[in-house]
Amino acid sequence: MIKISDTLSNLKREFIPIEEKTVKMYVCGPTVYNYVHIGNARPAIVFDSFRRFLEYSGYKVTYVLNFTDIDDKIINRMNDESWDFKIITSTFIREYLKDMRALGVRDANFYPKTSDYIPETVNFIDKLIRKGNAYVSEGEVFFDVSSFREYGKLSNRKVEDMLAGARIEIDEKKRNPADFTLWKPAKDGEPYWDSPWGKGRPGWHIECSVMSSEILGENFDIHAGGNDLIFPHHENEIAQSEACSGKCFANYWMHNGMLQMGGRKMAKSVGNIISVREAVNKYGKDAIRLFMFSTHFRSPIDYSEERFSEWAKGAQKISSFLSSIEEKYSGEIPVVKSSSEWMKQIRKRFVEYLEDDFNTSKVVAMLFEIVKELTTSAESPEKEVEAYYLIREEFSDVLGLFNGDCGSKHDEYDSNIEEGLMRTLIDVRKSLREKKIFDVSDKIRDDLNSLGIVLKDGPEGTSWEKI
């Protein structure tokens, strides 16, 4: 019996899917304006592995992770660096996927983008307006929190308490300071789409309600993300979704604790970050995953180089154990035709730990316990092979560990230098063209062409490809 600590009820609840042996799961993904750091990677690793465990337990899982590809941060970078927003977002979606694959995170079933769901977003907002849950003010559409009686039920906040706080910005266009934006009017030079309320773009919160309901339905099983999203993002998702559909939005809410550095949440705005690719190249993906699994996913976890180095040593210890068995049998490991009582007990512990609110920390401790037992005592060869099978062929599929890629480098990053050099050349050429220094800009184009690289200038910027 799988039990989940559900943030909404604040209870550990038995997991009962809407459809038998079928799970629909939505995870809030990144805003794609820069490279991701290992704090961003924690929910990706944790919920990907939880999905794997559901599959291990016999469920068919539809796993959705969204990309926010229109947002103030993206627009700021577009304006500061003269990038087209589509080039920014497509670039960092590609880099995000590269980072996740380097971490052993499996691809989602769906990767919806905000900009691909504009008509559906407009229809969703229009329905809220017609139902009296939203209103238009000076070309901006707001959700009226007073129209949803249960507002605050996820974060356990009362509207009156929120109004007493200093975080809510005073806006004369709002009826209530706690009301939040569904549709933003576009400023000059910003990307926009047409709507009944004028040119603009979706607010942050509405996008996830729209994409999740379009792909998974108005009521689905699990919504997950970092606990920094509980308020206001997930609170607002519930309000607008349930006001629109009249149904329960998500049956279970799972939230991971933050990765911290120096006692503070790891964040680009703070500057206390280490990128995924830096961490993978320095420590290896198995060390990163072990580090993430060593603390219960709902608890905060502190980053330090010392801790990562220790987990890198731990990953190497288990990897060496597995390699020693492969060497012993020259790569031809004997087939385990049936489970011994020892295997059954280890497998039972593995399942019990993960069924109990996905307690990976106990699983990690058990793995090291097994390796220590088999390397410090004269156990039978049969038991070594059984351990090899359990770790390499069974537990590895759930945890994404020890599957032959625990080194410090990763092939996903081989093209980083090439990509960076091309982007630099394109930016230099663009600057030269703006200054009307066409002889030099043309030489860059022609020299690249002679090397088999073609530049393609278009309304959305310059792209390149090898021929």
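The values are calculated or read from the model by the stated rules, or taken from the named source; none is laboratory data. What you see is a predicted model, and the numbers here were worked out from it, not measured in a lab. Here the Cβ is made from the backbone with ideal geometry for all residues, glycine too, and neighbour counts use every protein chain on show. Note: accessible area is taken over every heavy atom of the protein model, side chains too, but ligands, DNA and RNA are not part of it. Shrake-Rupley method; radii C 1.70, N 1.55, O 1.52, S 1.80 Å.
A few points about this structure:
- For the chain, the gyration tensor built on C-alpha atoms gives an oblate shape. Its axis ratio a/c (a ≥ b ≥ c) is at least 1.5, and a/b is not larger than b/c.
- Distant-in-sequence amide contacts of MET261, defined by a placed amide H-H separation under 5 Å and a gap of 5 or more residues or a different chain, comprise MET266, TYR303.
- 31 Å Cα-Cα threshold exceeded, pairs from LYS113/LYS435; LYS86/LYS158; LYS12/LYS86; LYS113/LYS268; LYS127/LYS174; LYS199/LYS265: LYS113/LYS435; LYS86/LYS158; LYS12/LYS86; LYS199/LYS265
- Mean separation of Cα pairs under 8 Å and 6 or more residues apart, divided by the residue count, gives the chain a relative contact order of 17 percent.
- Using alpha carbons only, the radius of gyration of the range 256-353 set against its Kirkwood radius gives Rg/Rh = 1.10.
- Relative contact order (%) - criterion: Cα under 8 Å, at least six apart; region: the range 1-148: 22 percent
- The slack in the chain from VAL270 to GLU160, taken as 0.36 nm per residue of separation less the alpha-carbon distance, amounts to 36.6 nm.
- When nucleic acids and ligands are ignored and a 1.4 Å probe is applied, ASP144 ends up with an accessible area of around 20 Å².
- From phi via Karplus (6.51, -1.76, 1.60), per-residue ³J(HN,Hα) for the range 58-73 in Hz, x at Gly/Pro: x, 8, 9, 10, 9, 10, 10, 10, 8, 10, 7, 10, 8, 6, 4, 5
- Phi to ³J(HN,Hα) by Karplus 6.51 cos²θ - 1.76 cosθ + 1.60 over the range 36-53, Hz, x for Gly, Pro: 8, 10, 5, x, 5, 6, 4, x, 4, 5, 5, 7, 4, 5, 5, 4, 4, 5
- The 3J(HN,Hα) values that the Karplus relation (6.51, -1.76, 1.60; θ = phi - 60°) gives for the range 318-328 are, in residue order, 5, 4, 5, 4, 5, 5, 5, 6, 4, 5, 4 Hz. Gly and Pro appear as x.
- Prolate/oblate/rounded label for the range 1-134 (Cα gyration tensor, a/c 1.5): oblate
- Taking the helices alone, the chain has a mean residue ellipticity at 222 nm of -14000 deg cm²/dmol, built from -39,500 (n - 2.57) per DSSP H run of at least 4 residues and averaged over all its residues.
- Summarising the strand pairing of the chain, around 55 percent of its internal DSSP beta bridges are antiparallel.
- Per-residue accessible area (protein heavy atoms, 1.4 Å probe) orders GLU237, GLU14 as GLU14, GLU237, starting from the largest.
- Solvent-accessible area per residue in the range 228-355 equals 43 Å², computed with a 1.4 angstrom probe and all protein chains kept.
- The relative contact order of the range 4-83 comes to 38 percent, based on Cα pairs under 8 Å that sit 6 or more residues apart.
- Distances between placed amide hydrogens fall under 5 Å for ILE2 paired with PHE15, all partners being 5 or more residues away or on another chain.
- Look at the Cα gyration tensor of the range 314-368: its axes a ≥ b ≥ c give a/c of at least 1.5 with a/b at or below b/c, and that counts as oblate.
- Annotation note: GluC sites (Glu not before Pro) in the range 274-343 located in DSSP loop regions with a Cβ neighbour count of at most 16 within 10 Å are GLU332.
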